[in-house]
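The values are calculated or read from the model by the stated rules, or taken from the named source; none is laboratory data. What you are looking at is a predicted structure, and each value in this text was computed from that prediction instead of being measured. Cβ: placed from backbone, ideal geometry, glycine included. Neighbour counts: every protein chain shown.
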Amino acid sequence: MWAKRSRNLALAALSSAALAGCGFIPKDGPRAGAITSEASGLVVSPEKVDYVQVDLNPVSLRAANQYSKDSMRRFSGLGRGGGNTDVSIGYGDVVSVTVFESESGGPFLPKESATRTNNYVQIPNQQVDRDGNINVPYVQGAVRVAGRTPKAVSAEITEKLRSRAIDPQVVVTVVEHRGNAISVLGDVGQPTRFSMDPGGISLTGAIAKAGGSKDPAYETLVSLKRGGTEHLADFQAVVREPSQDVALAPGDTIYLAHVPKFYMVLGSTSPGVVGGVNNRRFTFELETMSLTEGLAKAGWLDTTRANAGEVFLFRFEKPELLRSLGYDVGRFGSGPVPTVYRIDFSSADGFYLANIMSMRNRDVIFVSESIHSDIQKVLSVAVAGSLTYLNASEGAFYSR
């Protein structure tokens, strides 16, 4: 009799807990109402973030993946890599001037030197001064050389010596480049500074001189500073596309930065899957990752809570991409459009599509919670409470 009465009381407790489940559902923090009511001030804005929702299907998948390939940062307007024979003379460079005369009797080859075996004079090397000048014997005034090519300076000195020397020819060479040095810094094997050769050098050649990048190309950002302007490109684009292996200019500074690509997974995923830690932020382990790989790294969907038919991918897309899919994005202007892709893992084709969908840097995956999850929470609390009551009741019965 007592046992039957205890079971009835337990069933009543179970029913009451289920009806009043809202008060027993476990939460991770205070309810929104409690936070709002306890605020000392409240600012309410009617503005909301507009976004576009796209169902992942073969058409939207192709468009999104094509943009993923084109989304790498690239240099613009810097030209293609290759030789450059017109390297200009810089401040502080050491310059050599050689003067040839066709016969003796001139200021550089006097008559008494008729027995000489050569017909030229090497003027002592000079360093370009702070005004950008050098001095040449029998040339009135200083010769401006900074910012000019050796060829142009040679032609000017030759012309100025025509009235003094006998059929002169002048050769100007840069013995040591000091003002046109190129610096390679950052996450490279050996940061370095070297002189710009007349033959020129490309960006990858300069990075090779510095021992190459320490990190994979897909998580390395290249900064090229030239003339007070910074140009950025992903190293992955530089090594793959010849047009991005730009020719360097004197005075360029290159900086390689390690910028790991990452994504976040939120919602109903399995906890404690990476090293026993419930991680939510993951880095790319490969140059490319699919949506399926991203979810697998996060432990996949939690079978007790997740709604497999409602998985979402948050990112920004170009307006042109969405227009090509038939969406009206005029209200978003010309900037990136907040976009949410919906993936249905409750059907087989969802797996195929997700396995081809390319992840991008800073993507956010959200796994929604099943409608049955709250019911399960209520039942688990009610059952636990009822079992506790039953155990206590039966213990009291047997102690009598």
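Some observations on this one:
- Looking across the stretch 156-172 at every residue that is exposed (fewer than 14 other Cβ atoms within 10 Å of the Cβ) and not acidic (D, E), the one that is farthest from G200 (Cα to Cα) is identified as S163.
- Candidate set from the stretch 187-213 (those that are within 21 Å of L286 (Cβ to Cβ) and touching a Leu at 6+ places or on another chain (Cβ under 8 Å)); member that is surrounded by the fewest Cβ atoms within 10 Å (Cβ to Cβ): D187
- Residue check, V311 more than 30 Å from R148 (Cβ to Cβ) and in contact with a Leu (Cβ under 6 Å, 6 or more places away or on another chain): no
- Elements of type strands (runs of 3 or more DSSP E) in the stretch 83-189, at least 3 residues being polar (S, T, N, Q) and modelled with pLDDT of 90 or more: 120-127
- V259 fulfils the conditions (1) aliphatic (A, V, I, L, M); (2) at pLDDT 90 or above; (3) surrounded by 16 or more Cβ atoms within 10 Å (Cβ to Cβ) except for a single criterion, (3).
- Only listed residue being more than 36 Å from the chain's Cα centre (by Cα), modelled with pLDDT of 60 or more and exposed (fewer than 12 other Cβ atoms within 10 Å of the Cβ), chosen from G41, G23, G29: G41
- Number of positions in the stretch 284-328 that are of a type in the set (D, E, K, R), touching a residue at least 60 places away in the same chain (Cβ under 8 Å) and under 28 Å from V259 (Cβ atoms): 4
- All of (1) more than 42 Å from the chain's Cα centre (by Cα); (2) assigned to a strand (DSSP E or B) hold for V222 with one exception: (1).
- Qualifying residue in the stretch 108-125 (condition: under 30 Å from I207 (Cβ atoms) and under 55 Å from the mean Cα position of the chain (by Cα)): no
- On inspection, S76 qualifies as modelled with pLDDT of 75 or more and assigned to a loop (DSSP other than H, G, I, E, B).
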